[in-house]
Amino acid sequence: MDRGNSGRPETLAGFMICLDTNYLIRGMEPGSEEAARMTAWYQAGEPLITAMPAWFEFICGPLTEQQEATIRAFLTEIVPFDEKQARESARLFNKAGRKRNLRVDAMIAGTAMAANARLATNNRADFRPFVAHGLKLA
């Protein structure tokens, strides 16, 4: 796989998949659609990442150390929230109307976009305001 300019692996399609909090949570449930999709992506060699704000929400639990370790094993990276992600997130937040309830979602969406990743989420409606500004959903 080509690592491009970021040093991160890219799939043949040129995208990674960034998992939203609900994918991390439901990915622990055997037989769930999220667990099946995560497994399929992982087995196909799709790099799976998550944003630090999503990881924070996930590890707030409740969950066991084993559940955390299981989900962590799927992830290529937990992307730090630094200046690049903050700038992209602020751009999205401002373009989407500066609604307070969009702050954390803007951080997750901005991190996905900064990583050139598609966002896997069950809350598509929550992220719809960012799609018009470049967010791609998986």
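Which order do the peptides 105-112, 82-89 come out in when sorted by mean C-beta neighbours inside 10 angstrom, highest first?
With the highest mean Cβ count within 10 Å placed first, the list reads 105-112, 82-89.
Is the chain rounded, prolate or oblate when judged by the Cα gyration tensor, a ≥ b ≥ c being the square roots of its eigenvalues, rounded requiring a/c under 1.5 and prolate requiring a/b larger than b/c?
It is oblate, given that a/c is not under 1.5 and a/b is not larger than b/c.
In a shell of Cβ-Cβ distance under 12 Å around Phe74, excluding Phe74 itself, what net charge do Lys and Arg (+1) and Asp and Glu (-1) give?
Around Phe74, the surrounding residues sum to -2.
Report the extension gain between Glu77 and Asn101 in nm, rounded to one decimal, defined as 0.36 nm multiplied by the number of residues separating them, less their alpha carbon distance.
6.0 nm
Between Ala90 and Glu29, take the C-beta separation as r, use R0 = 30 Å, and let me know the FRET efficiency to the nearest 0.05.
Calculated transfer efficiency: 0.35.
Most fluctuating residue of Pro80, Pro62, Pro53 in a GNM of the chain with Cα springs under 10 Å: which is it?
In this elastic network of the chain, the residue with the biggest mean-square fluctuation among Pro80, Pro62, Pro53 is Pro62.
Taking neighbour Cβ counts within 10 Å as the exposure measure, how do Tyr23, Tyr42 sort from fewest upward?
Tyr42, Tyr23
Explain nothing, just the number: relative contact order of the chain, from Cα pairs under 8 Å at least 6 residues apart, as a whole percent. Working shown, then result.
Details: 201 pairs, mean separation 37.4, N = 138.
It comes to 27 percent, rounded to a whole number.
Bear in mind that the values in this text are calculations on the coordinates, not laboratory data. Just so we're clear, the structure is a prediction, and the values are computed from it rather than from any experiment. Methodologically, a virtual Cβ is constructed for each residue, glycine included, from the backbone with ideal geometry; neighbour enumeration extends over all protein chains shown.
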